[in-house]
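Structure first, then comments.
Please treat every number below as a calculation from the coordinates, not as lab data. This is a predicted model, so every value here is computed, not measured. So basically every Cβ, Gly included, is an ideal-geometry build from the backbone, and we count neighbours across all protein chains shown.
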């Protein structure tokens, strides 16, 4: 028989993992009836608290707060699934908040998670919250940054980070378009507030400089939404001279770019070449796609973030060197 | 000057709405420094607690738990945005959990939200949890069901519900294919555990009966995912005789259906007609779409659910008749 987990005990006793923890640690109020149910399940399943469970402080909530800028973006949900598959084994549950790229909303979610005493926070920041993130870290809340860095390098260096090599990815994507002979390139990007936006912008400019192109690229800055991709194409098509290629710096915006190009009866890549940071699942619906893209690895990023979370939760007061994991990419072409 | 909201006060004081509430109600521990910040913000913004805020019990958390079966489905995020736009005005924040169509996971999330003392729960159930939902309702937790009913009609009738006319929508979609002359129809559906799956299945069968078609339709039951749509098409293409039309009963599965049809070099609708319950944003990437679909109204459903939530939270112990709001659809064709 495989070893029972605290999650299985909680399920058998029809309570949460936090309640099982309270019963085993004899901390906090639990009714006699519930106590009995839990202990019966512990006995029946022959549950042995794991090393991690034993190392936990008694007031754990078994709740991990995840704040992302766009909860319906499959990229962030891929990251979340990776985290969950790792931390779920130890009985932790994820609770999500969506900042919608709004720093004020993100700040309120951070406060709420702190008040709810989550055991750790995973943050893909919309930007603008270096101060409160720093205060939470000072207060001992384990925080892992995913996908995006804080605005101040100094503040961020104290925290665990799992991110992508954004500048390099954008450099490669843009270089591919330049190698195909394009000179006038439209750039669809998110806000500079997000580190991914800043770094990808820098990668595009490096590629242009490396190719000796001195003119400024045509840049549209949105909020990483499908609608932004649509609006960007409208803007580009109205400009004179038009760009002949578009580099779109996130998957959601890329879908919008493709939709608007097709609606205008233009062919990809003959009338407008497109390179996307991130795969667009629907891209293969295109008759003649020929789309450049770099595929991302959100699930793997999530499992790594999950491991870092467990490490941090276990370490408690003990000092740990912050970890920094950067994922790299190759450019692919959709056929 | 427009009236200040509790949310604006919280933002100005750099605390959560729950903390503002605690300060104003003099309940729970709040440090002197924070109290001063809050009262300064209250004075500066001339904040007057709304009728709803005044009617709240003092121990409100200003947190509403939202449990959906697929957090990255834009449909559920549309509902959530509608809810948030209504309840956010009154200072409530949404916290999300994703059951991934897994009743056990949904049960743990329900327990966790109860322990965290959320002020209300919005549930799009994966099924199998009538008992615990009933217990929560008995314990006085306001619950609004969205999109999906409980399995027992009796248990569900006690709760507020905002849903769609699933049987009617599926009937209309299928009838349109039958009117075009199709006889052999492949049906892609979710699990019968979900009320939407059961009702849509019934609508398809009603349409077949109404047209005098006695043979059983070819049905693929998945978990409402894009991969399920892909697997269903593979199954249908391998069957003999092949269906000439597919009715796909949710937007995620419809994307998978379209992807796999295109990958097989088939044209829509000439080689395979498709009718989708729910719009597929990427559908217009198709060269010749001719796709039937019914568009859903998740945002409007969400605002209605938000209104019902506020009504329930305000009512407190007072008995209210459960509300039942059913949204209807028209069939459209993508050109």
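Given 10 °C and 1.306 mPa s, how large is the Stokes-Einstein diffusion coefficient of chain B in µm²/s, with Rh as the Kirkwood radius over Cα pairs?
Approximately 73 µm²/s, per Stokes-Einstein.
Taking chain B as the reference, fit the longest principal axis to its C-alpha atoms, fit the long axis of helix B:74-87 to the helix C-alpha atoms, and give the angle between the two in degrees, 0 to 90, nearest 10.
Tilt relative to chain B: about 30 degrees.
Give me the Å³ per residue figure for the convex hull around the C-alpha atoms of region A:166-294.
Residue-normalised Cα hull volume stands at 89 Å³.
Rounded to a whole number of µm²/s, how large is the Stokes-Einstein D of region A:227-335 at 10 °C and 1.306 mPa s, given Rh as the Kirkwood radius over C-alpha pairs?
D, rounded to a whole number, is 99 µm²/s.
Exposure proxy check: B:295, B:270 ranked by fewest other beta carbons within 10 Å?
Ordered by Cβ neighbours within 10 Å, fewest first: B:270, B:295.
Rounding to the nearest 10 and keeping the result within 0 to 90°, find how far the Cα-based axis of helix A:251-263 lies from the longest principal axis of chain A.
The two axes meet at around 40 degrees.
How long are the semi-axes of the equivalent ellipsoid of the protein assembly as shown, taking √(5λ) for every eigenvalue λ of the Cα gyration tensor, in whole Å from largest down? Kindly include the intermediate steps, with their values, before the conclusion.
Details: eigenvalues 315, 237, 122 Å².
Values for the protein assembly as shown, descending: 40, 34, 25 Å.
Using a Förster distance of 35 angstrom, determine the FRET efficiency expected from the C-beta separation of residue B:100 and residue A:117, and round it to 0.05. Could you put the intermediate results ahead of the total?
Numbers: r = 25 Å, r/R0 = 0.72.
Once the sixth-power term is evaluated, E becomes 0.90.
Order by neighbour count: A:141, B:146, fewest other Cβ atoms within 10 Å first, most last. Numbers along the way, then the final one.
Working: A:141 19, B:146 28.
Placing the least packed residue first, the sequence is A:141, B:146.
Work out the mean other chain Cβ neighbour count within 10 Å for the residues of B:250-261 and drop it here as an integer. Present the calculation step by step, with values, prior to reporting the outcome.
Numbers: counts 0, 0, 0, 0, 0, 3, 1, 0, 3, 5, 1, 1.
Going residue by residue through B:250-261 and averaging, the value is 1.
Would you tell me the mean number of C-beta atoms belonging to other protein chains that fall within 10 Å of each C-beta in B:8-15, as a whole number?
Shielding by partners across B:8-15 averages 2.
Hey, quick one: spin label on residue A:130, modelled 7 Å out along Cα-Cβ, who in region A:167-206 has an amide N within reach, i.e. under 14 Å?
A:193-195
Please report A:244, B:196 as a ranked list, fewest other C-beta atoms within 10 angstrom at the top and most at the bottom.
The order, fewest Cβ neighbours first, is A:244, B:196.
Quick one: work out the % antiparallel among DSSP beta bridges in region A:166-294, nearest 5.
Details: 0 of 15 bridges.
In region A:166-294, approximately 0 percent of DSSP beta bridges are antiparallel ones.
From the label point of residue B:331, set 7 Å from Cα along Cα→Cβ, how far away are the matching label points in the other copies, in nm, ordered shortest to longest?
4.6
When each copy gets a label point 7 Å from Cα toward the beta-carbon at residue A:131, what are the spacings between them in nm, shortest first?
Nearest to farthest, the other copies are at 5.1 nm.
Under a plain spin-label model, where a point goes 7 Å from the Cα along Cα-to-Cβ, how far apart in nm are residue A:202 and residue B:158?
About 5.8 nm, to one decimal.
If you consider only alpha-carbon coordinates, what radius of gyration and Dmax does region A:6-49 have, in Å?
Rg, Dmax (Cα atoms, Å): 8.9, 24.
Could you work out how far the C-alpha centroid of region A:80-143 sits from that of region B:254-291, in angstrom?
So the two Cα centres are separated by 39 Å.
Which FRET efficiency value, to the nearest 0.05, is calculated for residue B:46 and residue A:215 with the Förster distance at 60 angstrom and r the Cβ-Cβ distance?
Numbers: r = 52 Å, r/R0 = 0.87.
For residue B:46 and residue A:215, the calculated efficiency is 0.70.
Quantify how strongly other chains surround peptide A:114-123 by giving the mean number of their Cβ atoms within 10 Å of each of its Cβ atoms. Write down the numbers at each step before the final one.
Working: counts 1, 8, 8, 1, 1, 0, 0, 0, 0, 0.
Mean number of neighbouring Cβ atoms from other chains: 2.
What share of Cα pairs, in percent, lie more than 17 angstrom apart in region B:112-198?
55 percent
If one takes the longest principal axis of the Cα atoms in chain A, at what angle in degrees, from 0 to 90 and to the nearest 10, does the Cα axis of helix A:32-45 lie?
80 degrees
Please work out how much length the chain gains when fully extended from residue B:328 to residue B:288, using 0.36 nm per residue of separation minus the C-alpha to C-alpha distance, in nm with one decimal.
11.6 nm
Write down the percent of antiparallel bridges among all DSSP beta bridges whose residues are both part of the protein assembly as shown, to the nearest 5.
Restricted to the protein assembly as shown, the bridges split so that about 10 percent are antiparallel.
Give me the percent of DSSP beta bridges within chain B that run antiparallel, rounded to the nearest 5.
So the antiparallel bridges in chain B amount to around 10 percent.
From the label point of residue A:235, set 7 Å along Cα to the beta carbon, how far off in nm is each other copy's matching point, shortest first?
Those separations, rounded to one decimal, come out as 4.6 nm.
Please work out the FRET efficiency for the pair residue A:318 and residue B:31, using the Cβ-Cβ distance as r and a Förster radius of 25 Å; give the result to the nearest 0.05.
Plugging the Cβ-Cβ distance into 1/(1 + (r/R0)^6) gives 0.35.
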